[in-house]
Protein chains: 2
Amino acid sequence: MTPTKKQPNRHTRVRSDHARELAEDYVEAIADQIAAAGACRAVDLAALFSVSHVTVNRTMGRLQRDGFVTTEPYGPIELTPAGRRLAKTSRRRHEIVHQFLIALGVSEAVADVDSEGIEHHVSPETLAAMKAFVAAQ
Amino acid sequence: MTPTKKQPNRHTRVRSDHARELAEDYVEAIADQIAAAGACRAVDLAALFSVSHVTVNRTMGRLQRDGFVTTEPYGPIELTPAGRRLAKTSRRRHEIVHQFLIALGVSEAVADVDSEGIEHHVSPETLAAMKAFVAAQ
DNA sequence: GACGAAATGTAGCACAGGCTACACTTGCAC
DNA sequence: GTGCAAGTGTAGCCTGTGCTACATTTCGTC
Ligand SMILES: [Mn+2]
Ligand SMILES: [Mn+2]
Ligand SMILES: [Mn+2]
Ligand SMILES: [Mn+2]
């Protein structure tokens, strides 16, 4: 019998999607904020995510530990090269999911909200199908 | 100006989606297991979700607290009326999302995995659009 | 340069949802 | 009815992600 790679089941996959989710949303937001305002401060993220600045701080600690951001005390939040790469692919995927929902006929307001959650569970194959659907519009 | 209901932003919505997610997946699984085998035991759920039986136990405690299941020590897991209702609507939504991905051209294996995460972030408007797309196939 | 508001940091808390190790119960084989 | 395997329960641990309260720093205004 062919030695089959142990496949995580679908619930295991969803759990790992969620483990990456915060990182994806934060680096995307940090990149946007830097592009829009020249720098990203903790207070910007707290407002965007509707969480306390303490939660942002702790999250930044994890993202720094994981190599996605750098900060110094009282300084702005910067992205590492890995953070920029993750931001880019996350934004691209998010945009495709958003455009796809619009193409499906969903309203802008609902597409905004639903795509924010859906994006993290879309595998490359599904993303390609969504992209093709948008292009065929 | 019209008094607008305070809208939670999209990240707040995603967080509340996730808070409901475990309950939705578990009651769906419990209903399936009861339908398939006549009764649902903790060990069945542990195998299905690939978690330890301790995790299932603690989760059952929360679901019991929230009024979705009932159990007695060493007894099988039962659904309350509220649990059955949640299972029914969750399964229906899950099925539509799954069928939709298939209709989009995604493979069965990938549709299985992706729909397990996506289902929890699909609002009624998006679900209606997916349903219409499947019907129009 | 002093001051006050805004931003940031820190201590300490809570809950969800994972785990291992170990104890106890149940139920089936014999 | 004994015994063992499977199932279940419990203690105690961890990380992630949320919070309030309070201390400290920064920075623009005067
Ligand atoms: Mn998101
Ligand atoms: Mn999700
Ligand atoms: Mn489901
Ligand atoms: Mn699910």
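Residues in the range A:79-95 that are away from DNA strand D (no atom under 16 Å from the Cβ) and under 12 Å from the mean Cα position of the chain (by Cα): A:84, A:85, A:87, A:88, A:89, A:91, A:92, A:93, A:94, A:95. Each residue in the range B:7-23 was checked for being in a helix (DSSP H, G or I), loosely packed, with under 14 Cβ neighbours inside 10 Å and more than 13 Å from DNA strand D (Cβ to nearest atom), and 1 of them qualify.
Restricting attention to the range A:27-54, the residues that are surrounded by fewer than 18 Cβ atoms within 10 Å (Cβ to Cβ) and within 16 Å of ligand 1 (Cβ to nearest atom) total 3.
Looking only at residues that are in contact with a Ser or Thr (Cβ under 7 Å, 6 or more places away or on another chain) and part of a loop (DSSP other than H, G, I, E, B) in the range B:27-83, which one is farthest from ligand 2 (Cβ to nearest atom)?
Let us first name the residues in the range B:27-83 that are in contact with a Ser or Thr (Cβ under 7 Å, 6 or more places away or on another chain), namely B:27-28, B:46, B:50, B:60, B:64, B:67-70, B:77-78, B:80.
Applying the additional criterion that residues be part of a loop (DSSP other than H, G, I, E, B) yields B:50, B:67-68, B:80.
Numbers: B:50: 17, B:67: 23, B:68: 20, B:80: 25 Å.
Ranking the candidates gives B:80 first.
Looking across the range B:84-137 at every residue that is away from ligand 1 (no atom under 16 Å from the Cβ) and outside any helix (DSSP H, G or I), the one that is surrounded by the most Cβ atoms within 10 Å (Cβ to Cβ) is identified as B:106.
Count, please, the residues in the range B:79-104 that happen to be more than 16 Å from ligand 3 (Cβ to nearest atom) and touching an Asp or Glu at 6+ places or on another chain (Cβ under 9 Å).
Taking the range B:79-104 first, the residues more than 16 Å from ligand 3 (Cβ to nearest atom) are B:80-82, B:103-104.
If we keep only those that are touching an Asp or Glu at 6+ places or on another chain (Cβ under 9 Å) too, we end up with B:82.
So the answer is 1.
Is it fair to say residue A:87 is in contact with a strand residue (DSSP E or B) (Cβ under 8 Å, 6 or more places away or on another chain), more than 14 Å from chain B (Cβ to nearest Cβ) and not hydroxyl-bearing (Ser, Thr, Tyr)? Considered against the rule, which asks whether it is in contact with a strand residue (DSSP E or B) (Cβ under 8 Å, 6 or more places away or on another chain), more than 14 Å from chain B (Cβ to nearest Cβ) and not hydroxyl-bearing (Ser, Thr, Tyr), residue A:87 comes out as yes.
Selection of the range B:12-65 for residues being away from ligand 3 (no atom under 16 Å from the Cβ) and either polar (S, T, N, Q) or within 21 Å of residue B:121 (Cα to Cα) (or both) yields B:12, B:13, B:14, B:15, B:16, B:52, B:55, B:57, B:64.
Only the coordinates and a few stated rules stand behind these numbers; no lab work does. All values reported here derive from a predicted model rather than from experimental measurement. In this analysis, Cβ positions are derived from the backbone assuming ideal geometry, glycine residues included, and neighbour counts consider all displayed protein chains.
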